[in-house]
Every structure is written in structure tokens, then in C-alpha cells.
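Undergrad: Below you'll find the structure I mean.
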Amino acid sequence: MKQALTPQLEDFDTIPFQDFAKKAYLNYSMYVILDRALPHIGDGLKPVQRRIIYSMSQLGLSSTAKFKKSARTVGDVLGKFHPHGDTACYEAMVHLAQPFSMRYTLVDGQGNWGDPNDPKSFAAMRYTESRLSKYAQIFLKELEFGTVDWVPNFDGTLEEPTLLPARLPNILLNGSMGIAVGMATHILPHNLREVAKALIYLIDNDDADLDTVCKLIKGPDFPTDAEIITSSEEIKEIYRIGRGRIKMRAKYHIEDGEIIFIALPYQASVEKIYEQVAGQMEAKKLPMVSDIRDESDHEAPTRLVIIPRSNRVDLDSLADHLFATTDLEKSYSFNMNMIGTDGRPKVKPLLPLLSEWLQFRAETVRKKLNFKLNKIIDRLHILDGYLTAFLNIDEVIKIIRQSDSPQKDLIKAFSLTTTQADAILAIRLRQLAKLEEIKLKAEKKELESEKKKLNKILNNETVFKKYIKDEIKSDAKTYGDKRRSPIKKRKEAEKFSFTDVIDIEPVTIILSQNGWIKSAKGHEINPETVKFKSGDSLLSHIRTKNDKPIIFLDSRGRSYMLFSHALPSARSIGEPLTGHLSIQQNAGIKFLISAQPNDHFLMGSDSGYGFIIKFEDFQTQYKNGKAIVTLNHNQNLFAPSKVLNVKKDRVVAITSKGRLLIFSLNQLPYLKKGKGNKIISIPKKMTLAKVPERLKFLKILPLNFNLVIHSGRHELKLNPGNQKNYMGTRGHRGKKLPQAYQNVDSITIFPVETDIKPEIISDIDTDTE
């Protein structure tokens, strides 16, 4: 058995697996790029589209023919040229027939071919019928004139064209979309008349620049009446580099106090937009809208009605919000990646694209004219033989009747070619009449004139260019139409903030020790009496308004942000904060703050460093927050202390060894994040002691405020005059408090000549540790 297997194993080559995988992947990649996903610059078609058009032409399904079942066409395409799945082939055919997908349809469909709301809702191929559209003739008119190369089909029984000789740059007119391996394409459709004008201009002006061409081709033109709102400058830049993004916006008007949308962006669905708006209404994000109606029908394919709650609603602002939050405004990728005439895929800017297509067209026209010229020369050659025979008719008849080799004798007698002799021998008797001779002479005269005309076109560059221009003008007149998608200058759409759609009211935000959060209406609620889950208790609370952002600071110096409208009611047990935020491991929320964007806060840690930060710098949209205070191991964050007056406020710093330093706030830097500057000096040996010295209190001390230091049952009140004894420069050691007050338990800060009330102290600035 082993001996029998040995010769077979020797037939195989051994190669490294990575080499095999690389080669196989590259082969697959090139197949997908060249034979499936990317269109060719010449005809703007992918292979399956090209094969559908060619197969339909072979079936005689011209724009004037009777419709045939689509299954017949799909079967022909699969059986003869495209051995792939019938579903994919039929979908490609449907796309060519949908007027809402193609700017200029290539297939004329009869039956259910889908609708804009659901392009894939088309009927099965056994129910629909089809034929080629009138526009498809631009691919087929010159197919039989030697304009393209032909290759064997997949089984070698037939031949198919490698390209179709498109008379117009379909690559721009209908665009294309495809995903290959490592690359993709998304070319948007354009207006035929605009592109034709640009082509004619380029033929006449070799030094044409993009600025002039962009005056002729204003931008893409979609099969919808919605507006393109990308600026002309941006469109020009897209054409300059060959890629970018184009924005479209629905068209609307106001009628009887209602917003009526009458045209949607390309590939936007009325049903989806209806669901998007209804979803916002259900989520109470559109309280100013009372109803939405879809009144679309056959007479008005798009009619979406938004009904406001009252006549005081700003309808243009409402439309702006809908543009920003629904598919009433869409953005489209524009990537002009295609296979060039050199057979290589490349992203082509507009000018090189048009120039390369004109070269392709010039070569196609030259092939066509040469083909016609050769046919005329061949016919004239035959006609010369016929006329020679007519001039010597009796002798010709005699040779034919008497000769054993009439072909050779005719060639010898009249100096004919083999082709001419064979043509004479094939003449029927009725063609020997005098009238036929007159027809032959008339035909020869006409062909001589046509030959002269073709030679003039081929040999004169100016005439040749004029011929191409005339063809483009003729096709533009036959197949062109007006621009459908106007280009308008519009301001950027802005959605409503939640403050635009809610009633602003006071709220109290409550956070538990176990990290459960809830929001109570009003400031009258006592957070101490709020119920929590068993084993849980109050950690912190703030009183604010529901339009203000709430900042959460964790033990590692990171900030997070939420709005109260997203929080559960205090009537419930609340929700875990981790359901709203991604708090880091080994960290917990310590502080809550809420303020105006330009309010300032003092931030610091017990390492003795700190800085000033604006409230807006705490804010973040990221669920996992952002770093604010840089903390090393075993360093603790102080509660943010609000600044009342950035120019006059002072900083109070007290260490665990009873050293007090008061200095001007303006000695600290303004930072968005970091460690900050040294606030109070703590010698290194003190930080390494058995009981290390740390910064214990860090507070803002406004001008003309008293400072009370609590140590056990003792209190030391420092009025503004006494505070001068402890004034110094930031970063200094500070002055020791009296012996009885060095073990500070808490501090209280309150205005001079103000009765101290606990709730007022809490609102101004308090801290207890």
C-alpha cells in the first residue's frame, strides 16, 4: 500500500504555508477588485452589470421590444456568462431598474421593482418583466463596430465583450458603490448635461483647470429633489482629491402652520424617518410636536407632515432639530475609486477622470471609424469587380460557361483579385440587368464620399475632436435632463438641547454609599430621610437645577458627568451609578458638584499640591470620564472648594501637625488637569515619619470671612485681622497653631457679622473629617 502511494505523493510540490496563504489571498483580492466590486472607467459598470446589459441585447430586449420575464434574462446571464447565484444577479438587475437608485436607469421594469421606503421589497423574478431602457443604447450602439475586445466566456463556448463602448461617462452619470478587499468605492451620480458641457470644454481647452470645470459640473445630482447643502468650496476640494463627504437635506415648506416634507435625501425612507420622529415624541424629546402623519401616495410620493402643538412653535428651528437627529439630513461618502484604462484600481480626482475617459472615448471612436472605413474599402473593392464584369459582360459570361476554372480565368482576363472573382461568380442572373449597374455606380459614388469623409475625420485632429463633440452633444440632447438636486447654502443644523424641551426646575441629587443615584424634585427634601436599600446609606447630595450638568469626582481624581433628567426619581430606590458611568476599578465616587460653566474651584490632594480649575473643564461626554487630578499611591483627593472671587479670595491650608498657611488665590495656576503647584511645604522627613504629616484641610477663604478652627471641645476664631498672622506665600511651611488647637478636627468659614446657621454654612463652605 505504501509503495502505491509513493508515486502520487511525488506529484505534489511542498511550499511554506505563509507563501501559499499570501498567494491565495492576493489572487482572491485581485479577483474581487477587478471582476466583482469595482467599476471600469470606460463604461462605469461592474462585470455582472455589463453581462446583464449584453445578455439582454442578445435576447433582443431593446427599449422598443416587448417585455420578457426577468427570470429569462437572469437564466441567460447565469448560463452563458456569470456562473454565480441567481439572487445576487437578480438584485443587480433590480438596482439597474430602480429610478430612485439610478440617476439614469439601464433597465426598464414592469411589475413590482421595489420602492424608496424598501428598495428590496421587489417581487420575485418570475413575476417581473423587463427590457433595456432607452439610455442603455449608449453602451450598445457601437458594440458591433470593432470597438472592444472579446474574450471567451467561463466555459469557452461563447465570447463576451471585456467592456461596453459607452458613448458617455456612465461612471459619473450613475456612479457606483462596491466593497472590495482592502478598498472600496462610492461614486455619486451626476447630471448628464453638466458632464457633457465639461467634456466639450475639456476637448476645446487642453489647459482647463478645476475652477472652470466646477462651474460646469456643480456637484453630484441624485435621483431626488432634496437639496445638496455641501458648499461649492467643499465640493471643489472633493473633486480635487477624489474623496470626501456630501450632505443632503430634505426639502420642506410650511403649509397651514404645519411642516410638509416633500423630498427626502437619496436612499432615505419615509417609514424610517417616521419611526425616528415618533421615537423622539415617545421619549418626550419633542414636546412641541403633537402629531406626525405620512400622507405619501401615488400623486405625492413623498409627503411627511409634522404638526406642532401650537402656533407659537418656531417651525424652522423644529425642522433644524429634525435635520440634525433624523435621516431628513444624510451624509454620503464620496470615493472615486475605479479601474482605469491601465487595468489598475485607483482613486481619481475629477479632472484626471474626465481626461482619461476622453482618451478612452477617442480610442473607441477611432476604432469605430477605422472599422467603418475598412468595411467601405472592402465594399468598394467588390464594386470595382462588379463594374468590371458589367463592362465586359459578354466575355465574363463566356468564361463562366466555357471555363473549367472560371475563377482563375476571370482573375487572369481582367486582373481581378480572388475576392472580386468570387463575388462575380456569386452574382445572380437578375443582377445583370442594366438597372443594377446604375445602382452599383450610385452606391460606389456614395461610398467614395463616405470614405473621403472618414479619412478627413481620422487624419485631421480638429475635425476628429468636432466629431466627438457632436456625438456628445447629440447624446446629451437625447438622454439629458435638468438638474434634480439643487445645491443650496444652508446653516449647520442644530438639535435641541434637553433644556429646550424640559421645564427648568430645582432638583436634589442623592448618592448612596453603595453607589446608587436618584433625583428628587425641589430642594425641600431632606436627604437623610430618603430610603435606601437595606445596608445602604447616604454618601452625598447636591441641590441644583435640572438643566445643570452634575460632576462626579472619584477617589482617583477622575471626573464624570451626567444630567439629572437621565436619573431615576427619588420615589424609587434609584439605579446603580455604574449603569450610567464606567468607573475605574478600585475607585469610588467621593464628591458631587454642579455650577455655572465659568465658575472656578480649588482642587488639591493631601500631598500638598493643588490648582484652580473652571467648572467647564470637569465636563466630559465620555462614559469612562477623564483625568483631572494626578494622584500617586495613598494620596487622597480633597473636596472641590468653590471660588467666590478669583481676584480677592484666599486659600486656607492646614496640615495634620497643626501648621496653618493662608495665601492669595492668585498664587495658584489655572489648569485643566494635573498635579498642580505646591501649596504648603512639608519636609520630606515629616512625610516619611511613623505618623507622616499630610495636608489635612484645603479651603477657599473669601475676603472678610471668619475662620473657626475646631479641636475637640476647643474653638479658635480667626477674624480677618487675626488671619494676617498666618498669611504667607504659597509653598512655604506655614505657622503653627496654638498648642491646644494643633489637632484640628474641622473648620468653619462664614461671613463677618453674620449669625451662623448650619444650613447657611453648608451652602457657603464647610467640611468635616
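Undergrad: To the nearest 0.05, how large is the calculated FRET efficiency for LYS545 and GLN619 if R₀ is 22 Å and r is the Cβ-Cβ distance?
TA: It comes to 0.90.
Undergrad: Also, quick follow-up: Just the Cα atoms of the range 269-334, one point each, no solvent: what log10 I(q)/I(0) does Debye give at q = 0.11, 0.12, 0.29 Å⁻¹?
TA: Debye curve over Cα of the range 269-334, log10 I(q)/I(0) at q = 0.11, 0.12, 0.29 Å⁻¹: -0.27, -0.32, -1.40.
Undergrad: For the chain, find the longest principal axis of its Cα atoms and tell me its angle to the long axis of helix 350-391, 0 to 90°, nearest 10.
TA: Its long axis makes an angle of about 10 degrees.
Undergrad: Continuing with the same structure: Need the full-extension length gain, SER290 to ASP19, defined as separation in residues times 0.36 nm minus the C-alpha distance. One decimal, nm.
TA: Length gained, SER290 through ASP19: 91.0 nm.
Undergrad: Let me ask something else. Taking all protein chains as present, what is the carbon and sulfur share of the accessible area of the chain, in % to the nearest whole number, probe 1.4 Å?
TA: 49
Undergrad: What are the lysines whose alpha-carbon lies under 21 Å from the alpha-carbon of LYS445, with same-chain residues fewer than 8 places away excluded?
TA: Answer for LYS445, where 21 Å is the Cα cut-off: LYS372, LYS375, LYS434, LYS453, LYS456, listed by chain and number.
Undergrad: Now, a different point. Any idea what angle helix 86-97 forms with the longest principal axis of the chain, computed on alpha-carbon atoms, 0 to 90 degrees, nearest 10?
TA: 90
Undergrad: Let me ask you something else. Give the value in nm², to one decimal: projected area of the alpha carbon convex hull of the range 463-554, averaged over all directions.
TA: 14.4
Undergrad: Can you give me the distance in nm between label points at THR578 and LYS482, each placed 7 Å from the Cα along the Cα-to-Cβ direction?
TA: Between THR578 and LYS482, the simple spin-label model gives 6.4 nm.
Undergrad: Could you state the principal axis extents of the C-alpha atoms in the chain, from the largest down, to the nearest angstrom?
TA: Sorted from largest, the Cα extents of the chain read 151, 84, 63 Å.
Undergrad: Among the aspartates and glutamates, which fall within straight-line cross-link reach of LYS367, defined as a Cα-Cα distance under 14 Å, with same-chain neighbours fewer than 8 residues apart omitted?
TA: Cross-link targets: GLU142, GLU144, ASP149.
Undergrad: Next question. By how many nm would the segment from SER449 to LYS491 grow when fully extended, if each residue of separation counts as 0.36 nm and the alpha-carbon distance is taken off?
TA: 9.0 nm
Undergrad: Right, next: Ordering LYS717, LYS69 from largest to smallest accessible area (1.4 angstrom probe), what's the sequence? Don't skip to the end; give the middle numbers.
TA: Working: LYS717 120, LYS69 90 Å².
Result, largest first: LYS717, LYS69.
Undergrad: Using Cα positions and a limit of under 29 Å, work out the lysines in reach of LYS685, with same-chain residues fewer than 8 apart set aside.
TA: The reachable lysines, counting only those whose Cα sits under 29 Å from LYS685, are LYS657, LYS673, LYS675, LYS696, LYS699, LYS724, LYS735, LYS736.
Undergrad: Sort the range 660-746 into rounded, prolate or oblate with this rule: let a ≥ b ≥ c be the square roots of the eigenvalues of the Cα gyration tensor; rounded if a/c is under 1.5, and if a/c is not under 1.5, prolate when a/b is larger than b/c, oblate otherwise.
TA: Cα axes put the range 660-746 in the oblate bin.
Undergrad: Something else now. By how many nm would the segment from ALA123 to ASN460 lengthen if fully extended, with 0.36 nm per residue of separation less the alpha-carbon distance?
TA: Going from the current span to full extension adds 116.0 nm.
Undergrad: Rank PHE615, PHE145 by accessible area, highest first, at a 1.4 Å probe radius?
TA: PHE145, PHE615
Undergrad: If you roll a 1.4 Å probe over the heavy atoms of the protein chains, what accessible area per residue do you get for the chain, in Å²?
TA: 53
Undergrad: How many nm separate the modelled label positions at LYS372 and ALA324, each set 7 Å beyond the Cα in the direction of the Cβ?
TA: Inter-label distance under the simple model: 6.0 nm.
Undergrad: A further question on this structure: With a Förster radius of 22 Å, plug the Cβ-Cβ distance of MET281 and ILE504 into 1/(1 + (r/R0)^6) and report the FRET value to the nearest 0.05. Before the final figure, lay out the partial values.
TA: Numbers: r = 21 Å, r/R0 = 0.95.
Approximately 0.55, to the nearest 0.05.
Undergrad: Let me ask something additional. Working from Cα positions, state the angle (0 to 90°, nearest 10) between the long axis of helix 461-479 and the longest principal axis of the chain.
TA: 70
Undergrad: Remind me, relative contact order of the range 90-246 in percent, using alpha carbon pairs under 8 angstrom and six or more residues apart?
TA: 15
Undergrad: Using alpha-carbon pairs under 8 Å, 6+ residues apart, how would you state the relative contact order of the range 289-436 in percent?
TA: Here the relative contact order equals 11 percent.
Undergrad: Evaluated at 37 °C with a viscosity of 0.692 mPa s, what Stokes-Einstein diffusion coefficient in µm²/s does the range 140-230 have when Rh comes from the Kirkwood expression over alpha-carbon pairs? Intermediate values should be presented prior to the final figure.
TA: Working: Rh = 16.2 Å.
Here the translational diffusion coefficient equals 203 µm²/s.
Undergrad: Run the 1.4 Å probe and let me know the accessible area of LYS545, rounded to the nearest 10 Å².
TA: My reading of the accessible area for LYS545 is about 100 Å².
Undergrad: Can you list which of the chymotrypsin sites (Phe, Trp or Tyr not before Pro) found in the range 465-497 are DSSP loop residues with at most 15 other C-beta atoms within 10 Å?
TA: none
Undergrad: Across all directions of projection, what mean area in square nanometres is found for the Cα convex hull of the range 577-633? Don't jump to the answer; show the numbers that get you there.
TA: Details: hull surface 18.3 nm².
Computed as one quarter of the Cα hull surface, the answer is 4.6 nm².
Undergrad: Send over the per residue convex hull volume for the range 491-608, Cα only, as a whole number of Å³.
TA: So the per-residue hull volume is 157 Å³.
Undergrad: Rank these residues by their accessible area, most exposed first, probe 1.4 Å: SER572, SER70.
TA: From most exposed to least exposed: SER572, SER70.
Undergrad: Then there is this: Obtain the nm distance between the two label points defined at GLN359 and SER310 by a simple spin-label model: each point lies 7 Å from its Cα along the Cα-to-C-beta direction.
TA: Taking the simple label geometry, GLN359 and SER310 are separated by 6.8 nm.
Undergrad: What value, in deg cm²/dmol to 500, does the helix sum -39500 (n - 2.57) over DSSP H runs of n ≥ 4 give at 222 nm once divided by the residues of the chain?
TA: Helices in the chain give a 222 nm mean residue ellipticity of -10000 deg cm²/dmol.
Undergrad: Note down the relative contact order for the chain as a percent, whole number, built from C-alpha pairs under 8 angstrom at least six residues apart.
TA: Numbers: 1375 pairs, mean separation 64.6, N = 769.
Dividing the mean separation by the residue count of the chain yields 8 percent.
The values are calculated or read from the model by the stated rules, or taken from the named source; none is laboratory data. Source: prediction; values computed, not measured. Heads up, the Cβs are rebuilt from the backbone with ideal geometry, glycines too, and the neighbour counts pull from every protein chain shown. These area figures cover heavy atoms from the full protein model, side chains too; ligands, DNA and RNA do not enter into them. Shrake-Rupley method; radii C 1.70, N 1.55, O 1.52, S 1.80 Å.
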